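The values are calculated or read from the model by the stated rules, or taken from the named source; none is laboratory data. As the structure is a computational prediction, the values presented were derived from the model and not from experiment. Because the Cβ atoms are built from the backbone with ideal geometry, glycine has one as well, and the counts that use them run over all protein chains shown. These area figures cover heavy atoms from the full protein model, side chains too; ligands, DNA and RNA do not enter into them. Shrake-Rupley method; radii C 1.70, N 1.55, O 1.52, S 1.80 Å.
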Amino acid sequence: IVYKTINRLYGDGLIYRGERIVNFCPRCGTSFSQLEVEYVERDDPLYYLDYGPVTIATVRPETIFADVAVAVNPKDIRYKELIGKTAKLPIVGRSLPIIADSLVDPNFGTGALKVTPGHDATDFEIGQKHKLPIISVIDNDGKMTNTPQKYVGTISEKARNQIVEDLTKANKIKKIETLHHSVGTCYRDKGLIQPLVSKQWYLKVESLAKKALSAIRKREIKFAAERYEKLAKHWLQNLRDWNISRQIVWGMRIPAWRCQRCLEWTITEGEIPNKCKKCEHEKLIQDTDTFDTWFSSSQWPYATLQSSKGRDFEYFYPTSLMETAYEILPFWVIRMIMLGIYTTKENPFKDVLIHGLVRDAHGEKISKSKGNVIDPMLMTDKYGADALRMGIIWAALVETDISLSEDNIRGQRNFANKIWNVARFVFMELPGKRRKRNENDIKIIKELKTTIRKATRLLNSYRLNEA
């Protein structure tokens, strides 16, 4: 089913292979989409470097060898006379053209930007506009390459210290400040992401995102919590083309074969092609990349039903409710909406309920890999199923995180015991024979009916903890 989807997307011109700047994790050895980059705030040294007629401010001096130009904002009067002239790259002495581009922020640093298309997304965009060359000085292992020999093979973070030392000796550092900024990290291992230029498979998302956004705005798909609806809209309005290829050894291999004669790609529905679709040459080699796992997961609402032998898809699709944790709202939910509408022409679900994460007593996310999992079977044996359920839902605001520990569950067992003992006391006081209802009985029954109505209303609006 996933192979059929990519074949159809490719036929509709929505899949392409492009050389662009990607978010690459040297430790995982693969690229990631923009949604899988987590940004953290931190302080780093901001180095002011001497580039001859201009001074450049950078937090990444290890990338200077990939500089191909210096850019200034065309409205910045400080540099008006320098546009069209050249700057000089420190250490190696290469001449760099000074160009004007509106993407340059005149308020950052000195207002002059070193343009490094091979290692920065904004610089890549500037480089594409001005047809600048691309130089890569950090490889897929995070090591220096295409630099003076003394730095080659050194991990980029360590190379930074060596380069700063050499810049200092050459009297090329004018001053150093501290910059508080946001840095991209890998959502898996929390290490720094390297922006690298690489050939990847991309899905054009603009038309898909527009239809998904329209479904939410028209309330055809409703979010139980308004703030998550706003977040979903924000992501859909700001999505870039989705990098769907990964350089990992597990996963679903992309059904793309490259012709060894004309170098064109043939996309199939999983079968091995006999010849190139363009020139009919018979020698083709399959790409080694695999799908981003979220590409296949985004087809979950319909693929699981279509793969059954019965008429499950016709009966159950679209589904009523999609329920998941907030951390994968952009990874999964908005992508299910986009591909669900594209593939089936229908919204994949009607309501979206986003819940919080389950955390332990120390605030850490409960996870198998962390080993802080609470075994529900063990808790049920020790305290009973009701105590376990109440321990989970007692403070479970739907949109926020849940704190769960054995103490919570034990406390609910003790509370249940109190109710049990109160009930036993009431029944002990009742006469043995059946009696007529008195005013207190009627009052209690009336309160019960009111409570049932309240709980039903709350359940229908997904306010589960209040219910």
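Listing for the model above:
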| read-out | value |
| --- | --- |
| Simple Cβ-charge dipole of the chain, Lys/Arg +1 and Asp/Glu -1, about Cα centre, in debye nearest 20 | 1440 debye |
| Accessible area of Leu458 in the full protein assembly, 1.4 Å probe (Å², nearest 10) | 30 Å² |
| Apportionment of accessible area to carbon and sulfur, the chain, percent (1.4 Å) | 52 percent |
| Antiparallel %, DSSP beta bridges [both residues in the stretch 269-419], to 5 | 10 percent |
| Residues whose placed amide H lies under 5 Å from that of Lys174, excluding near-sequence neighbours | Tyr48, Leu49, Asp50 |
| Gyration tensor (alpha-carbon) shape descriptor, the stretch 292-427, a/c threshold 1.5 | prolate |
| Note, ³J(HN,Hα) from phi for the stretch 27-34, Karplus 6.51, -1.76, 1.60, rounded to Hz, x at Gly and Pro | 7, 7, x, 8, 7, 9, 7, 4 |
| Simple spin-label estimate for Ile248 and Asn7 in nanometres, 7 Å along Cα-Cβ | 2.6 nm |
| Packing rank of 295-304, 189-198, 276-285, where each peptide gets the mean count of other beta carbons within 10 Å, highest leading | 295-304, 189-198, 276-285 |
| Where labels lie 7 Å past Cα in the beta-carbon direction, separation of Ser102 and Glu323 in nm | 4.9 nm |
| In range of the label at Lys85: residues from the stretch 43-72 whose backbone nitrogen is under 17 Å from the point 7 Å along Cα→Cβ | 50-56, 69-72 |
| Dipole of the chain [Lys/Arg +1, Asp/Glu -1 at C-beta], most positive-end residue of Gly52, Ile393, Leu357 | Ile393 |
| Rounded to the nearest 10 Å², the accessible area of Ser95 at probe 1.4 Å | 80 Å² |
| Span from the the stretch 64-112 Cα centroid across to the the stretch 340-394 one, whole angstrom | 52 Å |
| Exposure rank, largest accessible area first [Trp294, Trp235; 1.4 Å] | Trp235, Trp294 |
| Ile393/Arg42 FRET efficiency (R0 41 Å; Cβ-Cβ; nearest 0.05) | 0.65 |
| Charge-dipole axis of the stretch 218-349 as Lys and Arg at +1 and Asp and Glu at -1 on Cβ define it, positive-most pick from Ile341, Ala303, Ala224 | Ile341 |
| FRET efficiency for His234 and Lys436, using Cβ-Cβ distance with R0 set to 56 Å, rounded to 0.05 | 0.35 |
| Within-10-Å neighbourhood charge of Cys186 [Cβ basis; K, R +1; D, E -1] | 0 |
| Efficiency of FRET from Cβ geometry, Lys283 and Lys129, R₀ 35 Å, rounded to 0.05 | 0.40 |
| Residue list for the stretch 319-334, given a label point 7 angstrom along the Cα-to-Cβ vector of Asp312 and an amide N cut-off under 19 Å | 319-324 |
| Computed accessible area, Glu314, all protein chains, 1.4 angstrom probe, square angstrom | 110 Å² |
| 17 Å Cα-Cα reach of Lys283 towards lysines, excluding residues that sit fewer than 8 places from it in its own chain | Lys275 |
| Segment Thr456-Phe415, length gained on full extension (0.36 nm per residue, minus Cα span) | 12.4 nm |
| Residue order for Ile155, Ile374, Ile244 - accessible surface, 1.4 angstrom probe, largest first | Ile155, Ile374, Ile244 |
| Loop sites in the stretch 325-381: GluC sites (Glu not before Pro), DSSP, at most 11 other Cβ within 10 Å | Glu364 |
| Where the chain is the region considered: accessible area per residue in Å², 1.4 Å probe | 57 Å² |
| Probe 1.4 Å, all protein chains present, accessible-area order of Arg188, Arg246, largest first | Arg188, Arg246 |
